[in-house]
Amino acid sequence: MFQDLIANHFADQKQLNWYTHQLHLSVYPLNAFAKVTLDKTGSTLINEYILLEAKRYLLATANQINQIAWHLGYEDASYFIRFFKKQPGIRPKPLE
């Protein structure tokens, strides 16, 4: 259910607190459940889903970074690039 919420709301909801509210849980039990079942925290799952979608768009479309950032719910492409650079894996190239 948590992963379904992420898939449906990742572009407009990136904070774990929103998901805990929707699931009628506090952060601790949600993180504990995610850690036991998937060996990851709730925030990690959200970030990984955003990264997966970003990689899909970067590899499968000719869209520019600002278009991909907008699709993922980032109004500022530079913030999206900063988020992406903090994560392991491929990195978007800055706009020229």
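Would you list the helices (runs of 4 or more DSSP H) that sit entirely within the stretch 1-61 and hold 3 or more residues that are under 24 Å from His71 (Cα atoms) and of a type in the set (A, V, I, L, M, F, W, C)?
Values: elements: 2-9, 16-22, 27-38, 42-60.
Passing ranges, in order: 2-9, 42-60.
Take Ala54 and tell me if it is at pLDDT below 95, surrounded by fewer than 12 Cβ atoms within 10 Å (Cβ to Cβ) and either under 27 Å from Glu75 (Cβ atoms) or not hydroxyl-bearing (Ser, Thr, Tyr) (or both). Steps first, answer last, please.
Working: at pLDDT below 95: yes; surrounded by fewer than 12 Cβ atoms within 10 Å (Cβ to Cβ): no; either under 27 Å from Glu75 (Cβ atoms) or not hydroxyl-bearing (Ser, Thr, Tyr) (or both): yes.
No: the conditions fail for Ala54.
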* Structure fact -> The condition from (1) surrounded by 13 or more Cβ atoms within 10 Å (Cβ to Cβ); (2) at pLDDT below 95; (3) part of a helix (DSSP H, G or I) that Tyr74 misses is numbered (3)
* Asked: Would the stretch 17-32 turn up any residue that is surrounded by 13 or more Cβ atoms within 10 Å (Cβ to Cβ), under 14 Å from Leu72 (Cα atoms) and polar (S, T, N, Q)?
  -> no
* Filter the stretch 77-95 down to the residues that are of a type in the set (D, E, K, R) and assigned to a helix (DSSP H, G or I), then identify the one that is modelled with the lowest pLDDT. => Lys85
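The values are calculated or read from the model by the stated rules, or taken from the named source; none is laboratory data. Computed from a prediction, not measured in an experiment: that's the story for all the values here. Backbone-built Cβ (ideal geometry, glycine too); neighbour counts: all protein chains shown.
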